[in-house]
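The values are calculated or read from the model by the stated rules, or taken from the named source; none is laboratory data. Source: prediction; values computed, not measured. Reconstructed Cβ throughout: ideal geometry from the backbone, glycine too, with neighbour counts over all protein chains shown. Heavy atoms of the whole protein, side chains included, go into the accessibility calculation; ligands, DNA and RNA do not. Shrake-Rupley method; radii C 1.70, N 1.55, O 1.52, S 1.80 Å.
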Amino acid sequence: MKIAFVGKGGSGKTTLSSLFIRHLAANEAPVVAVDADINQHLGAALGLDEAEAAALPAMGAHLPLIKDYLRGTNPRIASAETMIKTTPPGTGSRLLRVCEDNPVYEACARTVRLDDGDIRLMATGPFTESDLGVSCYHSKVGAVELCLNHLVDGPEEYVVVDMTAGSDSFASGMFTRFDMTFLVAEPTRKGVSVYRQYKEYARDFGIALKVIGNKVQGQDDVDFLREEVGDDLLVTVGHSEWVRGMEKGRPARFELLEAENRMSLQTLQNAAEDSYAHRDWERYTRQMVRFHLKNAESWGNAKTGADLAAQVDPAFVLGEHSAVPQPS
């Protein structure tokens, strides 16, 4: 399943996504974790020190390799240079799978050893000095979107993406790439404002959205969230001494996380697994094509000098049984 964690800055989005990743690893689920936030904190939340986190390869820096690999032998794509972030796969494209080795993972992913298992971690990469004043952060996450467009995952495999804060992810079609979106909200008016934006923007796209109430201190906070988000409230999380230790760089073993918080994480996994029954690969492919055609018309054709609508393979539907051509 593809899972997104979203929320306003400071909501605890990265902390909760890291706890969920640890929980999945403890349950022996294969996990690819992606830090797609402009503030690159997921590595640290998973236990990397500053040097290790800084050494993570930036996906954006490997975009030419990613494009060249995913293009494969797709005859509709004239060159890797004509691929944009929304380019959909077609016959001949190379697809990514969670449990495999490939040049994209070799270049962009690193293995992180957690208490109860290993996960793969990928990161968009932070803003650099050369980006300031000339680049939009959405160009950074383009590599993530392209990989998600070409990724095939099964029912017991997880891709967990810590998204950029707020509703910025709606600047691209990436918000439609997930089986389940967990929105982290504090029990405040500001805390639920991003929920309202997300709910409104996602209304016409069949987005599965559930709210995690974070920093909840009592029943009044629970009641407030329930009044504001209704049945979308899936679970609430309160204070955690384990998390406090993690934030100080001194985490205890994950098995010592408070029992109520472990139960909350299991509730998230249950909701994610339930979403698999509603997976619709045809709709997924159709939305992918929709955003590609929109981007092609608004800027892609002019930037590449090509008719990017011709990249769409009308007979291709991404799915778990899609063939993956072997590299030559």
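About its Cα centre, the dipole of the stretch 40-99 is roughly 520 debye, where the only charges are +1 on Lys and Arg Cβ and -1 on Asp and Glu Cβ. Under 5 Å between amide hydrogens, built in the peptide plane, is the criterion, and for THR236 it picks out GLY213 among residues at least 5 positions away or on other chains. Taken about its Cα centre, the stretch 246-310 carries a charge dipole of about 260 debye when Lys and Arg each add +1 at the Cβ and Asp and Glu each add -1 at the Cβ.
Calculate the dipole size of the chain relative to its Cα centre from +1 charges on Lys and Arg beta carbons and -1 charges on Asp and Glu beta carbons; express the result in debye to the nearest 20.
On the way: 34 positive and 46 negative charges, 157 e Å.
Approximately 760 debye in magnitude.
Amide hydrogen proximity for VAL160: with H placed 1.01 Å from N in the peptide plane, the residues at 5 or more positions away or on another chain lying under 5 Å are ILE3, VAL32, ALA33, VAL34. Once Kirkwood radius over Cα pairs in Å is calculated for the structure shown, the corresponding label among (1) 20.2; (2) 19.6; (3) 21.4 turns out to be (1). I'd like the orientation of helix 219-229 relative to the chain: the angle between its Cα long axis and the longest Cα principal axis, in ° from 0 to 90, rounded to 10. That works out to roughly 30 degrees.
Note on LEU256: accessible area approximately 110 square angstrom, rounded to 10, probe 1.4 Å, nucleic acids and ligands left out. May I ask you to derive the FRET efficiency for ARG110 and ASN270 from their Cβ-Cβ distance with R0 = 25 Å, giving the value to the nearest 0.05? The value I calculate is 0.30. In order along the stretch 284-289, the phi-based Karplus estimate (6.51 cos²θ - 1.76 cosθ + 1.60, θ = phi - 60°) of 3J(HN,Hα) comes to 4, 5, 4, 5, 4, 5 Hz; Gly and Pro are listed as x.
Normalised per residue, the accessible area of the chain is 45 Å², obtained with a 1.4 Å probe and no contribution from ligands, DNA or RNA.
Rolled with a 1.4 Å probe across the full set of protein chains, the surface gives ASP223 an accessible area near 70 Å².
Efficiency by 1/(1 + (r/R0)^6): what FRET value for ASP220 and VAL317, r their Cβ-Cβ distance, R0 = 56 Å, to the nearest 0.05?
Values: r = 48 Å, r/R0 = 0.86.
About 0.70, to the nearest 0.05.
Just tell me which lysines come within less than 16 Å, Cα to Cα, of LYS294; anything on the same chain fewer than 8 places away is out. Partners found: LYS85, LYS303. Ranking GLN311, LEU48, VAL112 by Cα position along the charge dipole of the chain, where only Lys, Arg, Asp and Glu carry charges on their C-beta atoms, puts GLN311 farthest toward the positive end. When the Cα positions of PHE254, VAL31, LEU63 are compared along the charge dipole of the chain, LEU63 comes out farthest toward the positive end, with charges on each C-beta of Lys, Arg, Asp and Glu.
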